[in-house]
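Read the figures in this text as sums done on the coordinates, not as results from a lab. Small disclaimer: the values here were computed from a predicted structure and weren't measured. We place every Cβ from the backbone using ideal geometry, glycine too, and count neighbours over all the protein chains shown.
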Amino acid sequence: MKTIKEDTMLKINNLQVNINNKTILENLNLEIKKGEVHALMGMNGTGKSTLVKTISGHYDCQVMQGNIHFKNKDLLQMDVAQRANEGIFMSFQNPIEVPGINNSYFLKTALNEKRVYENKEPLDAMAFLKYVKEKTSHYEIDQKLLQRELNNGFSGGEKKRNELIQLLLLNPDLILLDEIDSGLDVDAIKTVANVINGMLDGNKSVLMITHYDRLLELIKPDFVHILHQGKIVKTGDYTLALEIDEKGFEAIGIKDETH
Amino acid sequence: MKLIDVLGITLPEKNNETFRKIELETLYHFDFKHQQAIASSAAGVIQTQTLFSSSKNIVWNIAQQLNNTQEVLSINKSLKEPLVLIYEMKEDETLYSNQLKIEVKKGIKATIIEIVKSQKKESAFIFNREISLGENASLEYVKIQEIEENNSMIYNVMLHQKEASSCQMHAFEKGEGFVINSYDNAIDEKNVHYTLNGLVTLQKEAYVANIIQTIHNNEHSMSHINIKHTLKDKSTAIFKAKSIVNENALYTKAFQNAHTILLSNNATIIAQPHLEISIDELEASHGTTTGTLDEEQLLYLQARGISKEFAQTLLLNAFEAQMYEAIENEYLKEYVKTHLGVSYV
C-alpha cells in the first residue's frame, strides 16, 4: 500500500461510483489535508452529492473502482456507523424526520456510541446536558429543538440548525456539508459559518458543496474544485469560486449539456 | 375433549368472510386432557351469574357453551389506580374458560388491566368480556397477552355503551401462541367515544388475528381503530376491521388504521379494513400501510455513529412508542411500561 502522509485527512484515488448501475463518478482523485477547507462546485447532476454520500457510506453508492483512505485507514472497509465514529460527519441536504425518537435521546445515544468507540465512559443525562450547553452556548441555537422528536415537523431552517447541534456535539475530524445553506436566511447562514469557523482548529477539515457565494465568503475555502461529468475538471483557490459566481460555469469552459 | 365435540359449538362456514384465512380447525380438533373454568383474580369484588342467552358471534358462543357462569365486576365508584386481573395457565393440555362482565356505572371512571400469560404447553384460554358502560362513564382498559408458543387463546369483547360514555381499549399482543381476538361494538346511543389501540409484536410462529366489528346506529359518536404490527420470523397477523355507519348515525366519526413493519421475508400480514357507509354527513377514513423499516431513517441514525442493529431497535421502539403514549391514565401507562420493560425515552 502506498504510504499516505501523516497530515493527509482524506485521500481518494481513481474512484468510480455507480448508482443504479449508472456511472456517476469516474476516475476521481482528491486529497484533503488536515485543517484544509475544500469547496465542491458544479452544475446540477454532476455528482457532487454522490461524492459526499460515497464518503459517508450511503447505500445508494456502489464503489466500482478505486480507494478511499481516511486518516490512513481503508474507509471502504468500514460501515456507515464506523465511518461516523472514526470522525466523518455528513450534514444531510434534507435531514430525515424520525417521529417517535426524542431529539435529546438521539443526540445522547449518538454521542455515547462515539465515546464508547473511543474507549471513553458514556455520559449520563446530567453530564450530557452540561456538555450540550457548553458546546452550543456560543451560537444562536435554540435548545428547545432538543425536546422535540428528531427533525419531526421541523422547518427547513430548524433541521439545518439541528444538524449544527449534532456537528458541535460529535466534534468530527472531517465535516462534509451538502448544501447546508439551502433554504436558510442570511442570519442562519451566518450561524452556520460561525459554527464551522469556530470548529476549525487546524486539525479539522471541511468538504462543502454549495451554490451560494455568501457561504463561501464567510467560510473561505483553501481549494475550490469544479466537478463535471463525474470528474474534477478544475481546481483553484477562492478566486475560482468568485469567477464562477460572476461569469458562470461556461466562462471556465463547462457547458450545461442537459439543455 | 375436543372443542368440535362440544354441543353448540360450530366451525365457521368456508364462505364466512369474517373468518376467511383464519385457521381455527387445529384448535377445534385438539384433544385437551382437562377443562376448567378459571376465576378472575380480583376476588371479593366479583359476583357470578348464570347466562342463558347466545350470540350470533360464533367465537363468542364457544366460552358460553363450555361454561354458562359469568363473573360480574361492577364498578360503582371511580378508581384512582388500575384494577389488575391476572390469568395464568397452570397445567399443560388444559382448556381454560372465563366469562367476565365489566360494568362501569353512570358517571364513573375506571381503569382495568387484564394480563394473560402461560409457560405451559398445548393449553388454551377461551375468554369472553362483556363491557357495559353507563351514561357518561369512562373506562380505560388494557389487555396484555403473553402466552408462550404452542398455546392458544380466543378472546372476545362485546361492548355496550350508554350515551356520552368513553371506552379506550389498548391491547398489547406480545405472546408467541395462536390468538384470535374479536371486538364487537354496536353503538346505539349518542356521543359515544370508542378507541381501540392494538400493538401486535410477534416473533417465531406466533399468530394473532384481530376481528373488529363496529356498528354506528346513533348520532355524534366516534370510533377509532388503530392497530400496529411488527412481525419477525414466521409470524402472522390478521387485521379485519369492519365499521358500519347506518342511516341514523349522522355526524359519526369512524376511522380505521393498520400499520405493519415486516422484519422477515417469512412474516405475513393480511390487512382488510372495511367501511360500509349509508350517509354523507360523517367523517370516515381507513388506511393500511405495510413495509420494512425506513432505509433513509436507518441511514440517518447510522450516519451519526449508531450501529445498524441499535438503529433498528430505536426505530421499532419509535414505531411502538405511540401505542404506549396513547394510554391516557398515567398510573396505567406506568404499569404497562414497567410490566413490559419499556424504558426508552
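Rounded to the nearest 10 degrees, the angle from helix A:238-247 to the longest Cα principal axis of chain A is 70 degrees. With the Kirkwood sum run over all distinct C-alpha pairs, the protein assembly as shown has a hydrodynamic radius of 27.8 Å.
Note on region B:119-176: Cα-only Rg and Dmax are 14.4, 44 Å.
Within 10 Å of the Cβ of each residue in A:78-86, the mean number of Cβ atoms contributed by other protein chains is 5. Counting only other chain Cβ atoms within 10 Å of each residue's Cβ, the peptide A:56-64 averages 2. Return the whole-Å distance between the Cα centroid of region A:195-234 and the Cα centroid of region A:45-72. One Cα centre to the other: 17 Å. For chain A, the longest principal axis of the C-alpha atoms and the axis of helix A:186-199 are separated by about 80°. What residues of region A:144-183 lie in the reach of a label at residue A:190, counting those whose backbone N is under 18 Å from a point 7 Å from the Cα along Cα→Cβ? So the set is A:157-158, A:161, A:181-183.
The separation of region B:199-248 from region A:7-21, counted between C-alpha centres, amounts to 50 Å. The gain in end-to-end length when the residue B:264 to residue B:4 segment is fully stretched comes to 90.2 nm, 0.36 nm per residue minus the alpha carbon separation. Quotient of the Cα radius of gyration of region B:293-345 and 2.2 N^0.38 Å, N being its number of residues: 1.33. Taking the square roots of 5 times each eigenvalue of the Cα gyration tensor of region A:83-157, largest first, gives ellipsoid semi-axes of 21, 16, 13 Å. The GluC sites (Glu not before Pro) found in region B:261-297 that occupy coil by DSSP, while having at most 13 further C-beta atoms within 10 Å, are B:281.
Restricting the calculation to Cα atoms, region A:8-252 shows an Rg/Rh of 0.96 when the hydrodynamic-style radius is the Kirkwood one.
If you model region B:60-121 as an ellipsoid using its alpha carbon gyration tensor, with each semi-axis the square root of five times an eigenvalue, the axes come out at 27, 16, 7 Å, biggest first. Ranking of B:125, A:89 by neighbouring Cβ atoms within 10 Å, starting from the fewest: A:89, B:125. Compared with the dominant principal axis of the Cα atoms in chain A, helix A:156-170 is inclined by about 80°. Projected onto its three principal axes, the C-alpha set of region A:56-126 covers 46, 30, 14 Å, listed from the longest axis down. Convex hull volume of the Cα atoms of region A:104-196, normalised per residue: 98 Å³. Here the scattering of region B:3-295 is modelled by Debye summation over its C-alpha atoms, one equal scatterer each and no solvent; at q = 0.07 Å⁻¹ the log10 of I(q)/I(0) is -0.25. From the alpha carbon centroid of region A:119-142 to that of region B:258-284 is 44 Å. Principal axis analysis of the Cα atoms in region A:155-259 yields extents of 41, 32, 23 Å, listed in decreasing size.
The calculated 222 nm mean residue ellipticity attributable to helices in chain B amounts to -4500 deg cm²/dmol, summing -39500 (n - 2.57) over DSSP H runs of n ≥ 4 and dividing by all residues.
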